[in-house]
Structures are given as structure tokens and as C-alpha cells.
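Input: a single structure, listed below in C-alpha cells.
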Amino acid sequence: MFEAVCGSPEDANTFAALLTAGLMYRKYQVGNTNPELGQLLDSAQITPSGDRLDLKLSLTDDQMLTLIRKNTFA
């Protein structure tokens, strides 16, 4: 889980919308070359809550190992 503190609730809503769009765009970019990363991005839950933004990602150990083997985080 990742939490960002924004300047206002409007900023949190804007950031959530931009982050959602960015993750969707990245999922589209890597869809064929790295389907595991695409699944991770697809599972992201982005929730603005007041002046905060919560981002949750769920990964199994096998998914994490596959992403590491593909140098996804490098």
C-alpha cells in the first residue's frame, strides 16, 4: 500500500484520475511484452480519501518472482 498526502481533496481527486490514466496507458504499452506487469497494473486500486490518495497493489510471491526475473523494476 502506498499513501500520498495532497494539498486538498481536489488535488487528491486530480492525482487519482491522472494516476489511473497513467497506469492504464502503461498497461497498454506492456500488454504484449510483459503480461505479468499488465496484470499488476490492472489490479491497482486507487482511492482518493479527503486530501489523501491510497494505492493498493496485490501480488503473489510467484508474480513477484516473475517480475524480478524479467528485470521489471530495473
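Rolling a 1.4 Å probe across the protein heavy atoms gives the chain an accessible surface of 71 Å² per residue.
Here the range 1-56 has 54 percent of its accessible surface on carbon and sulfur atoms, given a 1.4 Å probe and all protein chains in place. Here the range 2-44 and the range 49-71 have alpha carbon centers that stand 11 Å from each other.
Each of 48, 15, 71 was placed along the dipole of the chain (beta-carbon charges, centred on the mean Cα), and the one lying farthest toward the positive end is 71. Put 3, 36 in order of accessible area, highest first, and with a 1.4 Å probe you get 3, 36.
Assuming charge only on the beta carbon of Lys and Arg (+1) and of Asp and Glu (-1), the dipole of the chain about its Cα centre is about 300 debye to the nearest 20. Note on residue 25 and residue 3: with the Förster distance fixed at 22 Å, the Cβ-Cβ geometry gives a FRET efficiency of about 0.45. Shape summary: the chain maps onto an equivalent ellipsoid whose semi-axes, from the alpha-carbon gyration tensor, are 26, 13, 9 Å in decreasing order. So what's the angle, to the nearest 10 degrees on a 0 to 90 scale, between helix 9-30 and the longest Cα principal axis of the chain? On a 0 to 90 degree scale, this one is about 20.
The values are calculated or read from the model by the stated rules, or taken from the named source; none is laboratory data. Since the structure is predicted, the reported quantities are computational estimates derived from the model, not experimental observations. Positions of Cβ are generated from backbone atoms using ideal geometry, with glycine treated the same way; all protein chains shown enter the neighbour counts. Accessible surface areas use protein heavy atoms only, side chains included; no ligands, DNA or RNA. Shrake-Rupley method; radii C 1.70, N 1.55, O 1.52, S 1.80 Å.
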